[in-house]
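Read through the structure below, which is laid out as structure tokens, and then see the notes.
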Amino acid sequence: MSESDVIISSLGFGAENAVTADYLQKISGLDGRTLRLVIQEQRRMGLCVLSSIDGYFRPSLNTDQAYLECHKFNATMRARAVSSFETARITELYMRSLDHQIALENFDNIDLV
């Protein structure tokens, strides 16, 4: 059984059955970064893996509960994305100010005589 199979088969259904990253690392032998990459890969392949402060889990088998869990997870992911884009925007503005400074410094170094 691959590490990915071990991880996926260990995920409970429903937020109340979330398993911690520490537990998944222990049973799979993976470090935290690799564990997150494996879960990301599974998500990109279409497997719905949710997470909360309690750990990773699959959506509940109860349709109403699954909808609520997915909605909460999606809201969290969207908020993170907005925050990341805002941080990137601020960084880009800063880089533009550096470009402007570099351009001015280069202009100052030109001999006009």
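For the chain, the longest principal axis of the alpha carbon atoms and the long axis of helix 32-44 meet at an angle near 80°. How much of the pair distance distribution for the chain lies past 21 Å, counting alpha-carbon pairs only, in percent? The proportion of pairs with Cα distances above 21 Å equals 53 percent.
I need to check one value: relative contact order of the chain, counting alpha carbon pairs closer than 8 Å and at least 6 residues apart, in percent. Could the numbers behind the result be given before it?
Working: 94 pairs, mean separation 26.1, N = 113.
So the answer I get is 23 percent.
Subtracting the Cα-Cα distance of A88 and T20 from their residue separation scaled by 0.36 nm leaves 21.5 nm.
Annotation for V6 and H71: the two label points, set 7 Å from Cα along the Cα-Cβ direction, are 3.7 nm apart.
On C-alpha positions alone, give me the angle between the axis of helix 63-108 and the longest principal axis of the chain, in degrees, nearest 10. In the chain, helix 63-108 runs at an angle near 20 degrees to the longest axis.
Only the coordinates and a few stated rules stand behind these numbers; no lab work does. These figures come from a predicted structure and were not determined experimentally. Ideal geometry is used to build each Cβ from the backbone, glycine not excepted, and the neighbour counts take in all protein chains shown.
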